[in-house]
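Undergrad: Sharing a structure below in structure tokens format, with a few things to ask.
No value in this document is a laboratory result; all are computed from the given coordinates. Everything quoted here is computed from the prediction, not taken from an experiment. Because the Cβ atoms are built from the backbone with ideal geometry, glycine has one as well, and the counts that use them run over all protein chains shown.
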Amino acid sequence: MPYPYVLLSAAVSLDGYLDDTGPERLLLSSPADFDRVDEVRASVDAILIGAGTIRADNPRLLVNSAERRAARIAAGRPEYPLKITVSASGDLDPTANFWHTGGQKLLCTTDQGAERAARSGITDHADVVPLGAELDWRRLLEHLHDVRGVRRLMVEGGGTIHTQLLLEELADELHLVLAPLLVGDPKAPRLFGPGAYQTGRLRLLETRRIEDVVLTRYVPTAPGTAGRVTPADRHWLALACDLAALCPPSDTAFSVGAVVVAADGTELARGHSREAGDPVVHAEEAALAKIAPDDPRLPSATVYSSLEPCAHRASRPLPCARLILAAGVRRVVTAWREPDTFVPSADGTGTLTAEGADAVVLPEYEERAKAPNGHLLG
């Protein structure tokens, strides 16, 4: 099920704290960074915070720049992003700033929390979405994507919300601002709590100095397992689709990109169709040829291919589905099932699954994979 792109945003002290224990909110960001946050808010469809943040900080959660709000309206979007809070109990102050500023508001809660929110009058100011007996982040994200049309979601905390989304492998990107302060109080709130986080190093996208703070942007890299899809799977498949655009054009073969990624998120190789002047090489074949056959990481690796690996082939002895199986790889993620354009009843997925491999299709990337092949599809 497609989810919104989930962006976690936070500022922390050098020793990892979100705040101190004083009566006033500890300002960690600089004025220029507050403006950057405002820019990010203006770019998204919705902003989410936890109920604890409402109780502690009483935020308005607005796009402050009139120019950015005007640009949203000119683009046919609401003046303000949808504001969302999450509370299992539904126990929130109906007079809080959150409910009385900006545009549309949403409370995601449990069935019992929805009843409490109705009694307190919050339903006069916000739509209330009960998610069952307990909060379910996947069900929440599905609702935002399918019912509310949210494609990009900015999450501004607090630490409990950030921790939960990371533990459930639902965060696509992390914006972390490091402030030149030390808190040192073990009673103060920290950004991340303990838990069984996904293994592997995050990939650094950007570092930027903003006055006296530093912004770092990270994305997860470790693939999922079996049919479990993680944000990293979506990142790698998007890269495979980008690689397909590098293929020399052809009227007799698809343009395909492929990436092979180890279980810890290390990229092992990448390739694309007709790479290096070879008119018949396929993307998966090109990528696998760059990896030693005895590489111990292959059995737990994932192959990402913008198009389903071929099951039948005239130009080489083995089709790509067989090459993948011969390499020991047992997980493949693709964007698009092969049409009958060149091979009737193509079914690389069937070849893979018949040998015990896991084949995952993410159809939300299908149009992106088809883009460099438009001339073949009519």
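Undergrad: Only Cα pairs under 8 Å and at least 6 apart count here; give the relative contact order of the range 5-219 as a rounded whole percent.
TA: So the answer I get is 31 percent.
Undergrad: Further, regarding this structure: Considering only DSSP beta bridges whose two residues both sit in the chain, what percent are antiparallel, to the nearest 5?
TA: Counting only bridges with both partners in the chain, antiparallel ones make up about 40 percent.
Undergrad: State the three equivalent ellipsoid semi-axes of the chain, derived from the C-alpha gyration tensor as the square roots of 5 times its eigenvalues, in descending order and whole Å.
TA: Each semi-axis is the square root of five times an eigenvalue, giving 43, 22, 20 Å.
Undergrad: Additional query: Give me the number: length gained by fully extending residue 201 to residue 185, i.e. 0.36 nm times residue separation minus the C-alpha to C-alpha distance, one decimal in nm.
TA: Using 0.36 nm per residue and subtracting the Cα-Cα distance, I get 3.0 nm.
Undergrad: Please list, in chain and number order, the residues 5+ apart from residue 129 or on another chain whose amide H is under 5 Å from its amide H, with Hs placed from the backbone.
TA: 107, 108, 109
Undergrad: Run the numbers on the range 188-284 and let me know its relative contact order in percent, using alpha-carbon pairs under 8 Å that are six or more apart.
TA: This gives 19 percent for the range 188-284.
Undergrad: For labels at residue 361 and residue 38 in the simple 7 Å Cα→Cβ model, what's the distance in nm?
TA: The answer from the label model is 4.7 nm.
Undergrad: What is the order of 57, 15, fewest Cβ neighbours within 10 Å to most?
TA: 15, 57
Undergrad: Sticking with this one: Rounded to the nearest 5, what is the percent of antiparallel bridges among the DSSP beta bridges in the range 5-219?
TA: In the range 5-219, DSSP labels about 30 percent of beta bridges as antiparallel.
Undergrad: When only C-alpha pairs under 8 Å and at least 6 residues apart count, what is the relative contact order of the range 231-377, in percent?
TA: Dividing the mean separation by the residue count of the range 231-377 yields 22 percent.
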